[in-house]
Amino acid sequence: MARRLIFVESNTTGTGMLALTTAARLGFEPVLLTGDPGRYRGLADTGAEVVPCDTNDFSALAGAVSGPVAGVTTTSEFYLLAAARLAERLGLPGNPPAAIWRCRDKARLRERLAEAGIGQPRFAAVTDAGADVAAIGLPCVVKPVDESGSQNVLLCRSWPQVRAQLGRILAARVNARDQPAAGVALVEEYLDAPEYSVEMFSSAGVATCVGITAKEVTGDPYFVESGHLYPAPLDAGTSARIVDTVRSALAAVGVREGPTHTEVKLAGDRVAVVEINVRLAGGMIPALVRIVDGIDLIEQLVRSAAGLPVDLTARSGQDSRAGIRFVMADRSGTVTAVSGVDTARTLPGVRDVLVSAVPGARVAPARDAYGRLGHVIACGPTPEAVGETLDHALAAVRVSVAEEQSA
């Protein structure tokens with residue numbers, strides 16, 4: 001029986017290295033194909049075989065695979081299509097590459113959802129910074145179709161601001177992983193409404209809802225996720241409407257296997273799909289699911305990639321809610337000290353505290369997910385209890401920053 005499990009790159013935080021160690025724990029031989037092993041902190045501790053190759057060149061990627069392979073997967077948004085193509089080429093389980101492409105290219109996703117009559121913001125896909133997008137209205141959201149982690153996503157309140165942001169996006173030649181940029185931007189209706197993510201797992205085209213996460217984001221003009229609460233405090237009817245909408249969206253784009261993380265906004269009775277990510281949620285949401293429901297989503301990702309049955313049975317513990325808040329800089333400058341981490345860890349209800357910033361690092365207020373400096377995770381019996389614990393824990397953690405001096 002083939003035991004080699006191929007990972008095409010990884011995300012750089014959260015689930016990435018855990019997926020490699022989980023594969024080993026399940027008896028597989030994890031193999032990471034990567035163009036830059038130094039990108040991944042903790043990689044050496046996973047025991048994974050590392051195969052350097054140009055993961056942005058599919059021929060080079062396919063040529064780097066040797067021996068019998070049990071499955072192909074990735075925890076990186078940027079390599080979902082490459083992993084799907086490689087799995088298809090090897091005759092292994094996975095989603096059709098066309099389904100991944102429809103979700104990775106946010107303009108294609110918008111077009112497919114419109115064809116299927118599924119709720120979403122008004123939108124225009126443009127290739128010219130001077131395009132007439134007045135029909136979308138102000139304020140509006142301008143973003144690239146091929147990035148991740150809220151990179152280059154901006155809330156615009158004037159047409160000059162829209163044109164400037166379009167110019168920045170369309171001028172990009174590569175994305176965050178040095179892949180050729182799509183050269184397309186989206187201008188979308190801004191929905192000032194609560195945001196949620198729906199964590200699902202599909203098998204043979206049947207999507208099972210694991211749960212719904214309530215999301216907090218930073219204010220105008222950026223959309224950096226600053227915290228999550230799982231499960232979201234929603235009534236049964238509202239939850240059902242959200243889940244039904246997401247199931248219809250997944251069917252429309254052709255997702256058949258594995259995890260999905262679909263972001264939606266709830267504007268009154270209107271459920272609007274913001275985006276579909278054919279991967280596990282980031283932002284440590286799988287850790288929140290495990291605390292509350294006892295479901296190891298990373299293990300299920302590995303099992304699904306290898307064609308094994310998944311187990312989504314909830315095993316509820318004493319804590320019915322879990323949440324996370326992210327540590328962020330409130331000014332630009334150089335980190336001089338990090339304190340309070342041990343104090344925060346001793347607070348009742350706190351499950352995890354991590355600060356990745358170290359003295360000497362240059363930091364700035366986050367404009368995307370990659371600008372966050374750490375997190376605190378807590379659990380409790382109610383949303384209010386979790387929120388109070390997170391407030392205390394976040395207040396205890398201090399990242400001291402010496403502000404940059406003006407020239």
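Just so it is clear, none of the values below were taken in a lab; they were calculated from the coordinates. Not measured: the values here are computed from a predicted model. Cβ placement follows ideal geometry from the backbone for every residue including glycine, while neighbour counts extend to all protein chains displayed.
Computed quantities for the displayed model
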quantity: Point-charge dipole on Cβ atoms (K/R +1, D/E -1) for the chain, about Cα centre, debye to 20; calculated: 420 debye
quantity: Kirkwood-based Rg to Rh ratio, the chain, C-alpha trace; calculated: 0.95
quantity: Length added when fully stretched, residue 318-residue 352, from 0.36 nm per residue minus Cα-Cα; calculated: 10.5 nm
quantity: Spin-label pair residue 59/residue 98, simplified geometry with 7 Å Cα→Cβ offset, distance in nm; calculated: 2.6 nm
quantity: Debye, to nearest 20: dipole size of segment 321-403, +1 on Lys, Arg Cβ, -1 on Asp, Glu Cβ; calculated: 180 debye
quantity: Net charge of Cβ neighbours under 13 Å - reference residue 86; Lys, Arg +1; Asp, Glu -1; calculated: 0
quantity: Simple spin-label estimate for residue 238 and residue 132 in nanometres, 7 Å along Cα-Cβ; calculated: 4.0 nm
quantity: Listed peptides 356-365, 337-346, 296-305 by packing density, highest first (mean Cβ within 10 Å); calculated: 296-305, 337-346, 356-365
quantity: Where labels lie 7 Å past Cα in the beta-carbon direction, separation of residue 163 and residue 362 in nm; calculated: 3.2 nm
quantity: Extension gain, residue 49 back to residue 270 (0.36 nm per residue minus Cα-Cα distance, nm); calculated: 74.8 nm
quantity: Cβ-Cβ FRET estimate between residue 208 and residue 336, R0 fixed at 56 Å, reported to 0.05; calculated: 0.70
quantity: Charge dipole of the chain about the Cα centre (unit charges at C-beta), most positive-ward option of 71, 239, 160; calculated: 71
quantity: Residue among 126, 337, 392 farthest towards the positive dipole end of the chain, charges placed on Cβ; calculated: 126
